[in-house]
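Please read the structure below before turning to the comments.
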Amino acid sequence: MAESKQILERAKSEGRLKLLEHESLKLCEIYGLPVARYGLATSEEEAVALASDIGFPVVLKVVSPDISHKSDVGGVILGVKSLEEVRKAYSTIMSNVSTRSPGSRVNGVLVQSMAQQDLEVIVGGIRDKVFGPVVMFGLGGVFVEVLKDVSFRVAPLTEADVDDMIREIKGYKVLEGFRGSPPRDIESLKKIIMGLATMISELSEIEAVDLNPVILYPRGRGALIVDARIILGG
């Protein structure tokens with residue numbers, strides 16, 4: 001896992017405790033987690049080339065260690081559907097950031113496939129001072145925000161642990177198929193939970209991981225991580 005260590009060491013050498021978005025997605029890939037296709041562009045031409053390779057529609061997001069809320073500074077543009085729109089979106093983002101967040105360091109613009117919407121779930125992890133690495137799972141949206149319908153386990157995990165985590169949330173019936181909604185690809189979900197547990201267990205530098213949202217498709221169609229946030233310990 002030399003590449004994962006390089007990512008973490010680069011962040012620390014630059015005084016960052018939060019990985020940049022493309023770094024977080026790369027770490028997920030290293031651990032075999034499925035992420036929406038992406039690339040980092042540092043010019044309009046690179047953005048166009050990436051979008052051509054990824055396929056439309058795409059989303060463009062500013063990548064900066066100094067900007068936490070990208071949308072607030074006009075740093076996110078969704079639903080980009082053509083090469084001309086990519087050029088315009090890249091230019092607009094750079095202009096917005098320069099105007100609304102002057103002085104912020106900009107590493108480039110993330111070009112990412114817009115995942116087809118479906119059931120959203122959340123997978124996360126923290127390094128607890130008492131228990132060590134702890135993994136969390138829950139359904140997205142109102143389930144986690146209002147109902148706090150989540151489950152926790154101390155990592156590393158067994159397959160039985162992951163099964164129990166998934167089954168014990170109150171909204172489990174939604175995953176099985178409910179009122180016309182199809183059963184979800186629970187096997188893909190299990191692999192994501194297990195992979196995150198392995199990541200946070202092996203990389204002691206990681207303080208917290210938040211994969212949100214993870215789009216969980218009907219059985220046999222897999223899952224995709226759309227956003228990944230990784231925080232390092234001080």
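The values are calculated or read from the model by the stated rules, or taken from the named source; none is laboratory data. Bear in mind the structure is a predicted one, so any value in this text is a computation, not a measurement. FYI the Cβ positions are ideal-geometry reconstructions off the backbone, even for glycines, and counts take in every protein chain you see.
Residues that are at pLDDT 95 or above, under 26 Å from residue 25 (Cβ atoms) and in a loop (DSSP other than H, G, I, E, B) occur at least once in segment 137-155.
Only one residue in 63, 48, 80, 86 is under 20 Å from residue 212 (Cβ atoms), outside the structural domain of residue 215 (by TED's automatic domain parsing) and among the aliphatic types (A, V, I, L, M). Which one? That would be 63, the only listed residue that is under 20 Å from residue 212 (Cβ atoms), outside the structural domain of residue 215 (by TED's automatic domain parsing) and among the aliphatic types (A, V, I, L, M).
List pairs: first residue in segment 161-181 and under 18 Å from residue 220 (Cα atoms) and in contact (Cβ under 8 Å) with a residue 24 or more places away in the chain, second residue of a type in the set (Phe, Trp, Tyr) and surrounded by fewer than 18 Cβ atoms within 10 Å (Cβ to Cβ) anywhere in the structure, Cβ distance under 8 angstrom, at least six positions apart or on different chains. Note: pairs meeting the criteria are 166/172. Per the conditions (1) at pLDDT 95 or above; (2) over 26 Å from residue 76 (Cα atoms); (3) not basic (Lys, Arg), the sole criterion not satisfied by residue 215 is (2). In segment 108-137, the residues that are without any contact (Cβ under 8 Å) to a residue 60 or more places away in the chain form Cβ pairs under 7 Å with partners that are hydrophobic (A, V, I, L, M, F, W, C) and assigned to a loop (DSSP other than H, G, I, E, B), at six or more places apart or across chains, as follows: 134/155.
In segment 12-33, which residues are in contact with a helix residue (DSSP H, G or I) (Cβ under 7 Å, 6 or more places away or on another chain) and either buried (at least 18 other Cβ atoms within 10 Å of the Cβ) or not in a helix (DSSP H, G or I) (or both)? Listed by number, the residues that qualify are 19, 23, 26, 27, 31, 32, 33. Screening segment 178-203 for residues that are modelled with pLDDT of 95 or more and not in a helix (DSSP H, G or I) and picking the one that is farthest from residue 230 (Cα to Cα) gives 182. Taken over segment 78-130, the residue count meeting the criterion of being in contact with a helix residue (DSSP H, G or I) (Cβ under 7 Å, 6 or more places away or on another chain), surrounded by fewer than 17 Cβ atoms within 10 Å (Cβ to Cβ) and not in a loop (DSSP other than H, G, I, E, B) is 4. Would you say residue 72 is closer than 23 Å to residue 24 by Cβ, surrounded by fewer than 19 Cβ atoms within 10 Å (Cβ to Cβ), of a type in the set (Asp, Glu) and not assigned by TED's automatic domain parsing to the domain that holds residue 207? So residue 72 passes the test. Residues in segment 60-73 that are touching a residue at least 24 places away in the same chain (Cβ under 8 Å), under 20 Å from the mean Cα position of the chain (by Cα) and either in a loop (DSSP other than H, G, I, E, B) or more than 13 Å from residue 22 (Cβ to Cβ) (or both): 64, 65, 66, 67, 72.
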